[in-house]
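Structure first, then comments.
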Amino acid sequence: MPEPTREDAWSLVCEWISSDSLRKHVLGVEAAMRAYAREGGEDEELWGITGLVHDLDYERYPDLETGHPRHALSELEARGYPAELIDAVAGHAEFLGVPRTSALAKTLFAVDELSGFIAACALVRPTGIEGMTPHSVKKKLKSPSFAAGVDRDEVRRGAEALGVDFDQHVAFVIEAMAGQADQLGLAPRPQSPA
């Protein structure tokens, strides 16, 4: 069976995910994964596709006890997705207890929650993601009521597992997502005349 392409993965995402915000989230994770793959000389297609499909079943099966990401793992396996990708998707869900041993799995874990948090920060800024700094992201991380669903501890542990400086990691993911700002809905908003 030939390896699934990015086009195959996006079709699958569109089949399983109707939520615009969740689609933008997986595209943001894809952007960060591709950037880290390029930097580390890894397989950019594999890494990008992993980011794209990691939350495939979250909308349909949000219950973490019985659902996400178990249905995605079965679907990806049935469709012949690479074992390394499936392992990384399993590993991003800490509650499954699947160890993250590959660079792919560690990176997915490190960028998943962070990219969602960066998007939330960008959405409340008139300039969107443009000009965003690690300092402003860290300031928002200290506010427990802002994007309360984001696990702050997981964001920090992700960077630690990658062995990268937290500020550099945040800056790297901001830059990766900024390159896709229009697609992610994070571009500066036009100012209305006063």
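The values are calculated or read from the model by the stated rules, or taken from the named source; none is laboratory data. Predicted model, so just to flag it, every value in this text is computed and none were measured. Quick reminder, even Gly has a Cβ in these numbers, built from the backbone with ideal geometry, and neighbours come from all protein chains shown. These accessible areas exclude ligands, DNA and RNA; they are computed on the full protein's heavy atoms, side chains included. Shrake-Rupley method; radii C 1.70, N 1.55, O 1.52, S 1.80 Å.
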Restricting attention to the stretch 74-91, which residues are farther than 17 Å from P4 by Cβ and over 18 Å from the mean Cα position of the chain (by Cα)?
none
Take the residues in the stretch 9-19 that are in a helix (DSSP H, G or I) and in contact (Cβ under 8 Å) with a residue 24 or more places away in the chain; name whichever of them is farthest from P82 (Cα to Cα).
W16
V170 passes all but one of the listed conditions (1) assigned to a loop (DSSP other than H, G, I, E, B); (2) within 27 Å of T101 (Cβ to Cβ); the exception is number (1)
Criterion: open to solvent by 40 Å² or more (accessible area, probe 1.4 Å) and aliphatic (A, V, I, L, M) - qualifying residue of L141, L162, L114, L104
L162
Tally time: how many residues in the stretch 40-73 are touching a residue at least 60 places away in the same chain (Cβ under 8 Å) and either over 20 Å from E7 (Cα atoms) or open to solvent by less than 40 Å² (accessible area, probe 1.4 Å) (or both)?
3
Residue check, P69 against (1) under 22 Å from Q168 (Cβ atoms); (2) touching a helix residue (DSSP H, G or I) at 6+ places or on another chain (Cβ under 6 Å), all met but one. Which one?
(1)
Among the residues of the stretch 92-103, which ones are under 25 Å from E7 (Cβ atoms) and either modelled with pLDDT under 95 or touching a Leu at 6+ places or on another chain (Cβ under 7 Å) (or both)?
H92
If I filter the stretch 21-36 down to residues being of a type outside the set (A, V, I, L, M, F, W, C) and closer than 11 Å to E59 by Cβ, which single residue comes out as surrounded by the fewest Cβ atoms within 10 Å (Cβ to Cβ)?
S21
Could you run through the stretch 74-101 and say how many residues are open to solvent by less than 30 Å² (accessible area, probe 1.4 Å) and either assigned to a helix (DSSP H, G or I) or of a type in the set (S, T, N, Q) (or both)?
7
